Amino acid sequence: MPYEVDLAVRVEDALDELAPEGRKEVMETIAAALVRPGEWPPPGGWHAALVFGPRSWVWFTAFLGGIEVIDIGWVG
């Protein structure tokens with residue numbers, strides 16, 4: 001029986017820790033990841049992908065229904 005361990009950060013909590021400019025940029029980076037499913041890792045596996053914005057990044061894994069954010073960051 002497969003088990004799922006949730007290592008993902010709560011995006012809302014992580015965004016609350018950023019400055020308004022950082023929140024906006026990270027959300028734009030997440031949106032950029034969502035609209036490029038060809039760059040997603042294979043769904044349901046142990047693979048992850050990184051998408052970079054001008055001063056931000058989003059690390060995520062893919063599922064059949066979309067993505068799950070593992071980590072976000074902003075260097076502003």
Given the conditions (1) hydrophobic (A, V, I, L, M, F, W, C); (2) in a strand (DSSP E or B); (3) out of contact with any helix residue (DSSP H, G or I) (no Cβ under 7 Å at 6 or more places or on another chain), which single one is not true for residue 27?
(2)
Report, by residue number, each residue of segment 30-54 that is open to solvent by 90 Å² or more (accessible area, probe 1.4 Å) and assigned to a helix (DSSP H, G or I).
39
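The values are calculated or read from the model by the stated rules, or taken from the named source; none is laboratory data. Note that this is a predicted model, so its numbers are computed, not measured. FYI the Cβ positions are ideal-geometry reconstructions off the backbone, even for glycines, and counts take in every protein chain you see. Remember, those area values only see protein heavy atoms, side chains included, never the ligands or the DNA or RNA. Shrake-Rupley method; radii C 1.70, N 1.55, O 1.52, S 1.80 Å.
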